[in-house]
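The values are calculated or read from the model by the stated rules, or taken from the named source; none is laboratory data. Remember, predicted model here, so these are calculated numbers, not experimental data. Please note: Cβ atoms are built from the backbone with ideal geometry, for glycine as well, and neighbour counts cover all protein chains shown. Just so you know, the surface numbers come from the protein's heavy atoms only, side chains and all, with ligands and any DNA or RNA stripped out. Shrake-Rupley method; radii C 1.70, N 1.55, O 1.52, S 1.80 Å.
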Amino acid sequence: MGYIQQHAARHGFVPGMVPGRLVMPAAEEGAPPILTLTFDPQAALADDPNQAAVRDVTLSFDVPQTDAKAEPFIAWQASAQALSLGMDAAIVDDNGQPLSPQGFAAIGAELGKLYEALEARDIAAGSMVARRLFS
């Protein structure tokens with residue numbers, strides 16, 4: 001676990017409020033984090049967390065909670081690639097399939113559509129209305 005924390009800290013992640021969670025804080029005070037890095041909370045609560053094995057780490061962001069102007073997708077993609085290189089780890093999707101540059105591009109395109117749909121309904125991502133509605 002210390003290995004994960006060490007690498008994540010280099011990229012701006014800090015411990016979250018919940019065991020097994022590191023966050024990249026938003027620039028705005030009190031705003032939800034831009035990114036969340038989660039892993040087995042039991043590893044974080046182990047007697048010796050540095051000896052606990054962690055096999056899977058999930059990097060995510062909450063679309064309705066995160067303003068598009070904060071560019072969470074760019075931060076997500078850059079963090080995934082940097083952490084992958086630093087920890088010699090693979091980047092995979094929810095199905096365990098390797099995530100290629102084309103996969104990142106497809107996710108970015110779908111995300112753009114989602115942000116536009118929220119904006120069109122007057123519940124722009126990151127707004128107080130979206131934060132209340134989707135929390």
Relative contact order of region 76-135 (C-alpha contacts under 8 Å, at least 6 apart) in percent is 14 percent
Express the relative contact order of region 1-120 as a whole percentage, based on alpha carbon pairs under 8 Å and six or more residues apart in sequence.
-> 19 percent
Near the amide H of residue 92, under 5 Å away, which other amide H atoms are found, from residues 5 or more places off or on another chain, if H is placed in the peptide plane?
-> 99
For 17, 1, the accessible-area ranking with a 1.4 Å probe, largest leading, is 17, 1
Along region 110-124, Karplus-curve 3J(HN,Hα) (6.51, -1.76, 1.60; θ = phi - 60°) to the nearest Hz, with x for Gly and Pro, reads 5, 5, x, 5, 5, 4, 5, 5, 5, 4, 5, 9, 6, 10, 3
Taking alpha-carbon centroids only, region 13-34 lies from region 71-110 a number of Å equal to 19 Å
³J(HN,Hα) across region 28-37 via Karplus (A = 6.51, B = -1.76, C = 1.60, θ = phi - 60°), whole Hz, x for Gly/Pro?
-> 7, 4, x, 7, x, x, 5, 10, 10, 10
Scaled by the rule-of-thumb 2.2 N^0.38 Å, the alpha carbon Rg for region 13-79 gives a ratio of 1.20
Once phi is turned into θ = phi - 60°, what whole-Hz ³J(HN,Hα) does the Karplus curve with 6.51, -1.76 and 1.60 give for every residue of region 18-26, x standing for Gly and Pro?
-> 10, x, x, 9, 10, 10, 9, x, 6
Per residue value of the accessible surface for the chain (all protein chains in place, 1.4 Å probe), Å² = 63 Å²
Would you work out which of 51, 92, 126 lies farthest towards the positive end of the dipole of region 26-135? Charges go on Cβ: Lys and Arg +1, Asp and Glu -1.
-> 126
The chain, dipole about Cα centre (Lys/Arg Cβ +1, Asp/Glu Cβ -1), debye to the nearest 20 = 120 debye
Surface share of carbon and sulfur [accessible, 1.4 angstrom probe, percent] for region 41-135 = 53 percent
Counting Lys and Arg as +1 and Asp and Glu as -1, what is the net charge of the other residues whose Cβ lies under 14 Å from the Cβ of residue 19?
-> -1
Summing +1 per Lys or Arg and -1 per Asp or Glu among the other residues with Cβ less than 15 Å from residue 77's Cβ gives -3
Hey, if we sort 107, 74 by accessible area with the 1.4 Å probe, largest down, what's the order?
-> 74, 107
Computed, not fitted: 222 nm per-residue ellipticity of the chain from DSSP H runs ≥ 4 (each -39500 (n - 2.57)), nearest 500, equal to -12500 deg cm²/dmol
Counting only residues 5 or more places away or on other chains, whose amide H sits under 5 Å from the amide H of residue 35 once H atoms are built in the peptide plane?
-> 24
